[in-house]
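Quick notes on the structure that follows.
No lab work stands behind these numbers, since they all come straight from the coordinates. Worth saying up front: this structure is predicted, and the values here are computed from it rather than measured. Note that each Cβ is placed from the backbone with ideal geometry, even for glycine, and that neighbours are counted across all protein chains shown.
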Amino acid sequence: MVTSDEGPLDRLFKRIEKAMREIEEAVTREVERAIKELKHEEREVRVFAESIEPLYTMRDLGDRIVIYVDIPYADTEKVNVWFEDNVMYVKAKLRSRLDIGKWSERYRGVEVEEYNLSITLPIRPRPEKTTIRVKRGVLEVVIYK
Amino acid sequence: MGVYREEVIGGFKFIEYRPLEVEKPSMLLFSLPDAGLVSSISASHLVNTLNLEEAGDIESPELAHIVVVREGFPRSPLRIYVGKNLAVVFTDVSIPPAVQVMLASSVVDYARLRGFDYIVSLSGIPSPNRLDLEELKTYYVASNKKLAEIAERGGAITLKQGILVGAYATLIRESVRKGFSSLLLLTECFMEFPDPEAAARGLQVFSRIANISIDTGKLLEEAELIKVKMRELMRQTTGVMRQMRKDMEYSPFLYA
């Protein structure tokens, strides 16, 4: 807020401070984005291991966030979903170990046994406002706002 | 494999290892990874169940750094399989958007020059409500009325309105422009997850249209393992679809 006590120099310094804050925020955002990309690249290299990250998609439908997680060949009795703050974790055991070496020599000796996923949510979910179901090998989590 | 004929069309080198002997009416099935990998799963199933033979490939400087190895021998990531009245253009890798568009246009020219009667593509139409759809519908977009009638006899429904984004949009637009017969069969599917069930449904419609017997039982039996196997191609394809703004297909069409 501009007061009558402020001189031109005060206003100039305030503008500089504001610009500096905006630059700092932009740099922080860029660094976070770069770190995220690096982490993503790191993940892309490891396509198959004992634990694999399932494909997922998140949609904001206004009154709720809907997350679909593709967990084919998972044992539907052994799908665990839990939340810590605004992070959602999914762990799902496969019906049996999958020997990926049969599909590609590159993965000789690699057997997949479970899916593991953690997603940072845009909101903190409340248990009474969250529904979870598995259908057609797809886990659906609906979090009402 | 020896080269019988090679021809450069629109920057792509179409190589044939032997004369393409395809019965009439001849079809060229064009397949690139897209929504739900419906196209890739369908084409792969056709090549395997109909025992189609590898008869050629397509080279591009944009894909020169990729080689697919089969039984110890290098192969192009874009290959042509042939059998009976069908040729299939198939790839195992995700293709950059700009290359997809150029390739689709070149494939129309190739089909025309080689005397194919028509091009068919079996792809997916992403449905936001896919998880709860019990019976999947297959829609069609045809470059002419004759093909539209054939598609309807096969059980496909007219896509009355909508937006198409990607190689298949180019394919159908170029076909209309060049006066070539092309048909898109689009089955309701997941956008970002491999969808063998949608591929099976699309193949059943294609089977009636092409008058070819196609057993989709094995495809449905192995659906879950196919999904695990194709997870990485789906992840890459999702990245490509994001680049080409595939999500525009969800937008309601504004009739102007």
Note: A:63-76 gets an average of partner chain Cβ contacts (10 Å, Cβ to Cβ) equal to 3
Report the full-extension gain for the segment B:Gln243 to B:Met1: residue separation times 0.36 nm, less the Cα-Cα distance, to one decimal in nm.
83.6 nm
Under the rule rounded for a/c under 1.5, else prolate if a/b exceeds b/c, else oblate, using alpha carbon gyration tensor axes a ≥ b ≥ c, region B:5-245 is classed as rounded
Taking a 21 Å limit on the Cα-Cα distance, which of the listed pairs A:Lys93/A:Lys135; B:Lys13/B:Lys84; B:Lys218/B:Lys246; B:Lys84/B:Lys178 fall beyond it?
B:Lys13/B:Lys84; B:Lys218/B:Lys246; B:Lys84/B:Lys178
Rounded if a/c is under 1.5, else prolate if a/b is larger than b/c, else oblate: which is chain A, with a ≥ b ≥ c the root eigenvalues of its Cα gyration tensor?
oblate
How high is the relative contact order of region A:76-145? Use alpha-carbon pairs under 8 Å, at least six apart in sequence, and give a whole percent.
26 percent
Indicate the gyration tensor shape class of region B:87-179 (rounded, prolate or oblate), computed on the Cα atoms with a ≥ b ≥ c the square roots of the eigenvalues: a/c under 1.5 is rounded; otherwise a/b larger than b/c is prolate and the rest oblate.
oblate
Residues of B:189-198, mean number of Cβ from any other protein chain within 10 Å of their own Cβ, rounded to a whole number?
3
Residues meeting the amide H criterion for B:Tyr140 (H placed from the backbone, H to H distance under 5 Å, 5 or more places apart or on another chain) are B:Ile157, B:Thr158, B:Leu159, B:Leu186
Add -39500 (n - 2.57) for each DSSP H run of 4 or more in the protein assembly as shown, then divide by its residues: what number comes out at 222 nm, to the nearest 500 deg cm²/dmol?
-10500 deg cm²/dmol
Between A:Ile35 and A:Arg133, what is the label-to-label distance in nm when each label sits 7 Å out along the Cα-to-Cβ direction?
3.8 nm
What's the longest bit of chain A with no exposed GluC sites (Glu not before Pro), using DSSP loop states and at most 16 other Cβ atoms within 10 Å as the test?
A:51-145
Which trypsin sites (Lys or Arg not before Pro) in region A:85-115 pass both tests, a DSSP loop state and at most 15 other beta-carbon atoms within 10 Å?
A:Arg108
In the neighborhood of B:Ser94, defined by Cβ-to-Cβ distances under 11 Å, what is the net charge if each Lys or Arg adds +1 and each Asp or Glu adds -1?
-2
For the residues A:Thr130, B:Thr187, B:Thr238, what sequence is obtained by ranking on other C-beta atoms within 10 Å, fewest first?
A:Thr130, B:Thr238, B:Thr187
Over all residues in B:225-234, what is the mean tally of Cβ atoms on other chains that come within 10 Å of each residue's Cβ?
5
Gain upon complete extension [A:Ser104, A:Val87; 0.36 nm per residue less C-alpha separation]:
2.7 nm
